[in-house]
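The values are calculated or read from the model by the stated rules, or taken from the named source; none is laboratory data. Computed from a predicted structure; not experimentally measured. Note that we place each Cβ from the backbone using ideal geometry, even for glycine, and neighbour counts take in every protein chain shown. When the accessible area is computed, the model is the full protein with side chains, heavy atoms only, and any ligands, DNA or RNA have been set aside. Shrake-Rupley method; radii C 1.70, N 1.55, O 1.52, S 1.80 Å.
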Amino acid sequence: MAKLYTKKTLATSNMLPKKETISFLLNYSKALHFIKVGNLKIETIAN
């Protein structure tokens, strides 16, 4: 028989990202470029 998950779990409000995670995402977004060739979009990551 399937288990019913009706109880709501309490979400913690103090879930903050680490500085390393923020830095990684910002650097990744800075390095990511899109090139449009005809009808195609090509993603490139410049390291």
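With respect to the chain, whose longest principal axis is taken over its alpha-carbon atoms, helix 19-31 is tilted by about 30°. Computing Rg and the Kirkwood Rh from the Cα coordinates of the chain gives a ratio, Rg/Rh, of 1.33.
A 1.4 Å probe run over the chain, with the rest of the protein chains in place, finds 115 Å² accessible per residue. Given DSSP loops and a limit of at most 13 other Cβ atoms within 10 Å, what is the longest stretch of the chain that contains no such trypsin sites (Lys or Arg not before Pro)? Maximal segment without exposed cleavage sites: 19-47. Distance between the modelled labels on Leu25 and Lys8, one decimal in nanometres: 2.5 nm (7 Å Cα→Cβ projection).
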